[in-house]
Amino acid sequence: LFPLAVRGSEGLYMVNGPPSFTESTAFQRDSGKNCKAVAFSKDGSLFAWCNGQKVNVVNVTRAELLHSFDLPKTVCLEFSPKNNVLAMWQAYATAKDGTAGVPNLQLHDLRTGKCLKSFIQKKMQNWCPCWADDESICARNVNNEVHFFENNNFNTIANKLHLQKVSDFVLSPGAQPTKVAVYVPGSKGAPSFVRLYQYPNFGGPQSALANKSFFKADKVTMLWNKKATAVLVVASTEVDKSGASYYGEQTLHYVAASGESAVVQLPKNGPIYDVAWSPNSVEFCAVYGFMPAKATVFNLKCDPVFDFGTGPRNAAYYSPHGHILVLAGFGNLRGQMEVWDVKNYKLISKPVASDSTYFAWCPDGEHIVTATCAPRLRVGNGYKVWHYTGSVLHSYEVPCDEEMWQVFWQPFLEGVFPERAVRYQAVPSELPRAEPRPAQAYRPPALRNKPVTSSKLHEDEPPQNMKPHLGGGDKPLSKTALKNQRKHEAKKAAKQEAKADAQQGPAQVKPPQSALQNTVPAMTTGDPEVDKKIKNLKKKLKAIEQLKEQAAAGKQLEKNQVEKIQKEAALLKELEDLELGV
């Protein structure tokens, strides 16, 4: 079940998934050291790879070679959603005399093996045409236009979406009608914008389903939810002009196909590391803020639902069924993972996958693979298969003179694996649990024999449920109900305070003078204006006290601060006069 494909200097091969982890006999190992491109079809039945000589396509279930294409320089491969077309891209090269090069993007029919169409596609970025899930539409970005083809007929452009300069586009997933999200970068003082259209209605701004414009954007990432009802847009600038962040500046926007749009308010400043939609399409998780980063789940109103507090993390991964969420810190972080039960917001496990450069959920929603791959890291290459409860079920490290470049699960169509109940108890494993050594802070020699004093650079924030609840019920309160509840609580608190004051009466212990200065006087003149003056005078006198303390500590005061101190006697006299009038 659910094999893993492994590509590296040891060749290309497949490993059976849990529980056996033996090499798969369904795929014959290709021992060549020049395998640059691999791809599974969406349903996992077909597998293609280029070994530096040919592009081969096999049926994995039948262990049968289907096609072999003579395209040795292919570096990118992708299947269309229903396995009708294989797209192959080679690096573009101009002819020696400077004339245009030959077409480098090939689209082959997988039933006949014939080339349907070839295009010139200079850039590797966004090289692959995008298909709707039923393959009724295929789209390419050509010279700032989006060209649409229908039913895999690539000889006729069925439709064009032409805006000033379309930089990027994303087709919606799922059934018809297909929606298109397009991004146009701003120029000459005009803002950048993202627009949503429904194919084929491209008649201008009025025909757009939704429009969201913003100024701070050098590039954007657009993420459709599974039900194609909304898009999340992460807008990024290369440089943060305030100088607060080395990573530039990011903002998160929500755009619904119904026309609504909003800026998602993130409570902590700093970069947005990752944003992920829940497979249920009604919630999304954002990981953001200067380290230690916050992670929060939001609903479609962009209101926070659950805050995971702060921690060393920069990525979020929902399980295929959406019932489990993994928050992780990879790359320049130590590989700590937090596995959460999303329905009950309970922490399941906290495994650590040190030096990981890759993470992926298995299609069964139970297992996870983490890997250390070259060229990101050239030492300690290998992979581990985990159960989400924190148990390492299988671990493989390549020999020290070899490298591993890629590892990934064979995909399966949705619904093949049913959702199982969440487990909290770690599943049994023959391998020992990966217990990380506690990191010791550096201590200079002079302090090493002295007791350790606890000092933190920052206070960690604990997780908290952001859903307002009525009594013990689970239904969130409406805004009006919440407002009324707050008023009721405030009245109740005021009554209790008044009751407590009445009970204390004359036996009240006299507080120290400093405490008196910080409280509103118990006696009032009956004249609100006079009371206000007394309060302001006490505020000014308190500020003068603080300035005098600063001066005593040796701080150089400004001219206006010195003048304030000189006014103390006059303010005291004024206060005394007002209080005598009580």
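The values are calculated or read from the model by the stated rules, or taken from the named source; none is laboratory data. Source: prediction; values computed, not measured. When we count neighbours, we look across all protein chains shown, and the Cβ atoms used for this are built from the backbone with ideal geometry, even at glycine. For the accessible areas, the whole protein counts, side chains as well, though only heavy atoms, and no ligand, DNA or RNA atoms are used. Shrake-Rupley method; radii C 1.70, N 1.55, O 1.52, S 1.80 Å.
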For segment 380-400, pairs from a residue that is closer than 22 Å to Val326 by Cα to a residue that is among the β-branched types (Val, Ile, Thr) and part of a loop (DSSP other than H, G, I, E, B), with Cβ under 7 Å and 6 or more apart or across chains, are Gly382/Val398; His387/Val427; Thr389/Val427; Ser391/Val427
Mind checking whether some residue in segment 146-167 is among the aromatic types (Phe, Trp, Tyr), under 30 Å from Pro271 (Cα atoms) and at pLDDT below 90?
no
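Taking into account only those residues within segment 178-221 that are open to solvent by 10 Å² or more (accessible area, probe 1.4 Å) and touching a residue at least 60 places away in the same chain (Cβ under 8 Å), which is farthest from Ser261 (Cα to Cα)? Steps first, answer last, please.
The initial filter retains those residues of segment 178-221 that are open to solvent by 10 Å² or more (accessible area, probe 1.4 Å), namely 179, 185-191, 193, 195, 198-209, 211-221.
Okay, now just the ones that are also touching a residue at least 60 places away in the same chain (Cβ under 8 Å), so 179, 199.
Working: Lys179: 16, Tyr199: 20 Å.
So, considering only residues that are open to solvent by 10 Å² or more (accessible area, probe 1.4 Å) and touching a residue at least 60 places away in the same chain (Cβ under 8 Å), the one farthest from Ser261 (Cα to Cα) is Tyr199.
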Unmet criterion (only one of (1) open to solvent by 40 Å² or more (accessible area, probe 1.4 Å); (2) part of a strand (DSSP E or B)) for Ala139:
(1)
Only one residue in Gln265, Gln250 is buried (at least 16 other Cβ atoms within 10 Å of the Cβ) and within 16 Å of the chain's Cα centre (by Cα), so which one is that?
Gln250
Might you check whether a residue that is out of contact with any Pro (no Cβ under 9 Å at 6 or more places or on another chain), under 30 Å from Ser136 (Cβ atoms) and part of a loop (DSSP other than H, G, I, E, B) occurs anywhere in segment 220-227?
no
Positions within segment 374-388 being open to solvent by 10 Å² or more (accessible area, probe 1.4 Å) and outside any strand (DSSP E or B), in sequence order
Pro375, Arg376, Leu377, Arg378, Val379, Gly380
Do you know which of the residues in segment 342-371 that are hydroxyl-bearing (Ser, Thr, Tyr), touching a Lys or Arg at 6+ places or on another chain (Cβ under 9 Å) and open to solvent by less than 30 Å² (accessible area, probe 1.4 Å) is farthest from Gly44 (Cα to Cα)?
Ser356
Residues that are crowded, with 17+ Cβ neighbours inside 10 Å and touching a Lys or Arg at 6+ places or on another chain (Cβ under 9 Å), drawn from segment 155-166
Leu163
Out of segment 296-314, which residues are within 30 Å of Leu413 (Cβ to Cβ) and open to solvent by less than 10 Å² (accessible area, probe 1.4 Å)?
Val297, Phe298, Val305
Cβ-Cβ distance below 8 Å, separation of 6 or more or different chains: which pairs start in segment 68-97 with a residue that is among the basic types (Lys, Arg) and end on one that is open to solvent by 30 Å² or more (accessible area, probe 1.4 Å) and part of a strand (DSSP E or B)?
Lys73/Gln90
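Each row is one residue, and each column tells you yes or no for (1) under 25 Å from Val392 (Cβ atoms); (2) small (Gly, Ala, Ser).
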{"site": "Ala5", "(1), (2)": "yes, yes"}
{"site": "Gly8", "(1), (2)": "yes, yes"}
{"site": "Tyr13", "(1), (2)": "yes, no"}
{"site": "Gly32", "(1), (2)": "no, yes"}
{"site": "Leu46", "(1), (2)": "no, no"}
Given (1) out of contact with any Ser or Thr (no Cβ under 8 Å at 6 or more places or on another chain); (2) open to solvent by less than 10 Å² (accessible area, probe 1.4 Å), index of the condition Ala293 fails
(1)
Gly17 meets each of (1) within 32 Å of the chain's Cα centre (by Cα); (2) part of a strand (DSSP E or B); (3) buried (at least 19 other Cβ atoms within 10 Å of the Cβ) with one exception, condition (2)
Anything in segment 268-282 that is under 30 Å from Gly365 (Cα atoms) and either open to solvent by less than 30 Å² (accessible area, probe 1.4 Å) or among the basic types (Lys, Arg) (or both)? List them, or say none.
Pro271, Ile272, Val275, Ala276, Ser278, Ser281
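Got a number for residues in segment 389-412 being out of contact with any Ser or Thr (no Cβ under 7 Å at 6 or more places or on another chain) and assigned to a loop (DSSP other than H, G, I, E, B)?
The qualifying residues number 7.
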So, in segment 395-411, of the ones that are among the hydrophobic types (A, V, I, L, M, F, W, C) and open to solvent by 60 Å² or more (accessible area, probe 1.4 Å), which residue ends up farthest from Arg7 (Cα to Cα)?
Cys400
Which one of these does Val407 not meet: (1) under 18 Å from Val38 (Cβ atoms); (2) aliphatic (A, V, I, L, M); (3) touching a Lys or Arg at 6+ places or on another chain (Cβ under 7 Å)?
(3)
Among the candidates Glu145, Glu135, residue that is under 32 Å from the mean Cα position of the chain (by Cα) and at positive phi
Glu135
Matching residues, segment 363-411, being in contact with a Cys (Cβ under 9 Å, 6 or more places away or on another chain) and closer than 30 Å to Lys227 by Cα
Ile368, Val369, Val407, Trp409
Flag for Asn152 being in contact (Cβ under 8 Å) with a residue 60 or more places away in the chain and over 32 Å from the mean Cα position of the chain (by Cα):
yes
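Table: residues versus (1) more than 15 Å from the chain's Cα centre (by Cα); (2) touching a residue at least 60 places away in the same chain (Cβ under 8 Å).
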| position | (1), (2) |
| --- | --- |
| Asp307 | no, yes |
| Pro312 | no, no |
| His321 | yes, yes |
| Leu327 | no, no |
| Gly331 | no, no |
| Arg334 | yes, yes |
| Lys346 | yes, yes |
| Pro351 | yes, yes |
| Ala360 | no, no |
With (1) more than 26 Å from Leu12 (Cβ to Cβ); (2) in contact with a Lys or Arg (Cβ under 8 Å, 6 or more places away or on another chain); (3) buried (at least 19 other Cβ atoms within 10 Å of the Cβ) as the list, and Asp134 as the residue in question, which single condition is left unmet?
(3)
Give me a count of the residues in segment 257-274 that are closer than 23 Å to Ala295 by Cβ and outside any loop (DSSP other than H, G, I, E, B).
5
